[in-house]
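The values are calculated or read from the model by the stated rules, or taken from the named source; none is laboratory data. Keep in mind that what you see is a predicted model, and the values were worked out from it rather than measured. Heads up, the Cβs are rebuilt from the backbone with ideal geometry, glycines too, and the neighbour counts pull from every protein chain shown. Accessible surface areas use protein heavy atoms only, side chains included; no ligands, DNA or RNA. Shrake-Rupley method; radii C 1.70, N 1.55, O 1.52, S 1.80 Å.
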Amino acid sequence: SLVDTEMYCRRYNSNTETWSSVTRLTEDVVPDQNARVVVDGSGQITVVWNRDGGLVMQKNLMGAVSLVRENTGGIGFADMTLTAGPSGKMVLLWQEASEHGSDARYRVYDPVSETWGKDALLTQDPDLERSFAPAWDSNGNLVMAYNSVETLFETKNVEVEGGGMV
């Protein structure tokens, strides 16, 4: 089991060019880690992080923590990306294994209903998609660059100790 870790934050004031004192965001007995922070067009701060095997979020660094998605202990969520658009929509991107390989997936947050949509598949091929770099254009469209790593499969016979082949 993982050792408990907690979330902390500091704010930077660009007018005074100073950092605030450290503020503790979580105080529980479960691991809180892998945080992503976005600020939307209205200045609202949203933090999304992995909490004990699921993703949770908190608005403006205070108040209730809500569930974004369960079962996020996989390696693909270590490389997740969160982005906020000008209208307050957020998109969460990650990679997850499927029958086709490790594909890019996403989930969209609707600020009006304050809910996350279901997981959606962005790519479906044998290549490994990772290192997502999203940005929003002036029309409110999400544009993204990412690495697509070719996956090569090779059949190989290996002799095991004591005789036999695998």
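Things worth noting here:
- Sub-7 Å Cβ pairs linking a first residue in segment 61-90 that is open to solvent by 50 Å² or more (accessible area, probe 1.4 Å) to a second residue that is aromatic (Phe, Trp, Tyr), at least 6 apart or interchain, are Pro86/Trp136; Lys89/Tyr109, ordered by first then second residue.
- Within segment 1-34, tally of residues that are under 22 Å from the mean Cα position of the chain (by Cα) and not β-branched (Val, Ile, Thr): 17
- Among the residues of segment 98-118, those that are open to solvent by 60 Å² or more (accessible area, probe 1.4 Å) and within 15 Å of the chain's Cα centre (by Cα) comprise Tyr106, Lys118.
- For Ala135, the conditions (1) open to solvent by 40 Å² or more (accessible area, probe 1.4 Å); (2) modelled with pLDDT of 85 or more; (3) in a loop (DSSP other than H, G, I, E, B) all hold with the exception of (3).
- Extreme residue, farthest from the chain's Cα centre (by Cα), among residues of segment 35-60 that are touching a residue at least 40 places away in the same chain (Cβ under 8 Å) and open to solvent by 50 Å² or more (accessible area, probe 1.4 Å): Ser42
- Selection count where residues are among the β-branched types (Val, Ile, Thr) and part of a loop (DSSP other than H, G, I, E, B), scope segment 112-132: 2
- Residue check, Thr151 in a loop (DSSP other than H, G, I, E, B) and surrounded by 15 or more Cβ atoms within 10 Å (Cβ to Cβ): no
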